[in-house]
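A.B. asks: Below you'll find the structure I mean.
The values are calculated or read from the model by the stated rules, or taken from the named source; none is laboratory data. Model, not experiment: these values are computed from the prediction. With ideal geometry, Cβ positions are generated from the backbone for all residues, glycine too; neighbour counts draw on all protein chains shown.
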Amino acid sequence: MNKMQTIPVRTPSAQYPVHVGSGLLARVAPLIEKSLRAQQSSSLQPKKSRKKSSLPHRIFVLTSPDIWALWAPHFLRSFAQPPTVLFLPAGERLKTLASVEKLCRQLASSGADRSSLLIAFGGGIVGDVGGFLAAIYMRGIPFVQIPTTFLAQVDSSVGGKTGVNLPEGKNLVGSFHHPLAVIADIDLLATLPERELRAGLIESLKAGIIRDAALFRFMESHSARLLQREPAALQKVITASIRMKAEVVGADERESGLRMILNLGHTLGHAIESATGYRQLLHGEAIAWGTVAACEVARSRRTITSAQHQRILAAIHLFGPFPALRLHAQRLVALTARDKKNRGELRRYVLPVSIGNATVANDVTHEELIQAAQSMLTLAKHPGSAS
């Protein structure tokens with residue numbers, strides 16, 4: 001068993017730990033209690049008024065039926081009293097305000113109050129919906145993230161972004177609401193479908209491209225170990241990815257500047273998801289193709305060399321193949337007008353500067369995006385052709 005590592009996330013509004021290791025699911029209750037003690041010790045309340053550290057009386061778990069069927073016995077092992085379970089079936093189509101309203105009503109009818117705790121136990125959709133639910137129910141209750149997919153462990157569970165989709169675009173309704181703690185158990189990845197593992201690894205590769213050249217090199221050199229789910233290799237990549245994101249979020253909590261670099265590949269990636277009705281590609285697969293397009297803009301602008309461009313595409317290919325696309329460049333670019341990074345007439349686009357460095361460009365033209373989308377779609381006509 002790999003030793004648990006804890007990465008602190010420190011922002012102006014919140015501080016919390018991200019625990020990474022094996023066998024953590026059976027230790028959920030004591031890990032939450034530890035975070036509660038830390039929160040109480042940092043509170044401005046007089047010591048005599050602080051409550052004894054213990055789990056809240058009412059604990060709720062938001063999860064998917066599939067995850068609960070696989071992991072419920074392990075999850076419940078450390079709880080003296082079983083939490084109340086709320087279910088959100090899998091699928092991006094249920095990441096909606098209607099789902100949140102339904103869950104709010106379930107919390108209310110079950111007696112949830114401001115002292116209650118919500119645990120989001122699932123992939124990125126469960127985490128996003130659960131975090132948003134916790135942010136708005138009674139104007140905010142504490143929650144804990146227990147991500148069950150690679151992508152959620154390295155990215156969406158950390159940083160406080162929560163939200164749901166509208167028909168007009170992805171994550172257009174949401175809130176910043178940080179968790180009390182994040183518990184990333186590598187053992188949960190054992191039952192992850194291979195396609196989801198590959199899609200999640202793209203998110204870590206993105207972390208390497210934008211800010212951690214050593215992580216990029218490790219993933220280049222050890223792709224086979226990662227795809228074989230070697231625990232030591234997985235933990236190394238997960239920990240490095242979280243450290244990178246924690247550093248960026250700590251410097252720019254509300255995405256006013258630096259944090260935007262985390263969106264490499266997301267401008268066209270989100271457009272691809274929208275254009276395909278959130279049914280054809282996993283999020284990481286769409287981001288892979290979006291990153292290919294961003295690299296094409298960077299190559300044409302010569303912010304990266306042709307050698308770096310080819311190296312990044314080859315690394316993306318290591319974690320493919322990804323589904324083919326049959327879309328039109330004009331439609332994809334039109335969908336990017338709804339991107340949350342845009343400000344007024346400025347279209348903000350994340351570009352790699354070198355492997356391990358990225359920037360946010362405010363002057364990417366419509367014509368550049370069309371050309372990049374066309375180049376990407378030419379590659380995407382045949383799965384695995386990004387090399």
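A.B. asks: So, in the stretch 205-227, how many residues would count as being without any contact (Cβ under 8 Å) to a residue 12 or more places away in the chain and touching a helix residue (DSSP H, G or I) at 6+ places or on another chain (Cβ under 6 Å)?
C.D. replies: Number of matching residues: 2.
A.B. asks: Contact list please: Cβ distance under 7 Å, first residue in the stretch 96-117 and among the basic types (Lys, Arg), second residue outside any loop (DSSP other than H, G, I, E, B), pairs at least six apart or on different chains.
C.D. replies: Taking only residues 6 or more apart or on different chains, the pairs are 114/138.
Per-residue answers, yes or no, for (1) in contact with a Lys or Arg (Cβ under 8 Å, 6 or more places away or on another chain); (2) assigned to a loop (DSSP other than H, G, I, E, B):
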site: 190; (1), (2): yes, no
site: 210; (1), (2): no, no
site: 218; (1), (2): yes, no
site: 236; (1), (2): no, no
site: 240; (1), (2): no, no
site: 243; (1), (2): no, no
site: 281; (1), (2): no, yes
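A.B. asks: Moving on to the next point. Checking the conditions here, which among 333, 297, 292, 360 is in a strand (DSSP E or B) and among the β-branched types (Val, Ile, Thr)?
C.D. replies: Matching residue, one of 333, 297, 292, 360: 360.
A.B. asks: Among 202, 238, which is under 14 Å from the mean Cα position of the chain (by Cα), touching a residue at least 60 places away in the same chain (Cβ under 8 Å), within 19 Å of residue 349 (Cα to Cα) and not assigned by TED's automatic domain parsing to the domain that holds residue 371?
C.D. replies: Result of the check over 202, 238: 202.
A.B. asks: Continuing with the same structure: Kindly indicate which of 142, 89 is surrounded by fewer than 24 Cβ atoms within 10 Å (Cβ to Cβ), of a type outside the set (Lys, Arg) and either farther than 13 Å from residue 59 by Cα or under 18 Å from the mean Cα position of the chain (by Cα) (or both).
C.D. replies: Matching residue, one of 142, 89: 89.
Yes/no matrix, rows are residues, columns are (1) in a helix (DSSP H, G or I); (2) modelled with pLDDT of 95 or more; (3) within 21 Å of residue 174 (Cα to Cα); (4) not assigned by TED's automatic domain parsing to the domain that holds residue 171:
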{"site": "56", "(1), (2), (3), (4)": "no, no, no, no"}
{"site": "67", "(1), (2), (3), (4)": "yes, yes, no, no"}
{"site": "73", "(1), (2), (3), (4)": "yes, yes, no, no"}
{"site": "93", "(1), (2), (3), (4)": "yes, no, yes, no"}
{"site": "98", "(1), (2), (3), (4)": "yes, yes, yes, no"}
{"site": "106", "(1), (2), (3), (4)": "yes, yes, yes, no"}
{"site": "126", "(1), (2), (3), (4)": "yes, yes, yes, no"}
{"site": "133", "(1), (2), (3), (4)": "yes, yes, yes, no"}
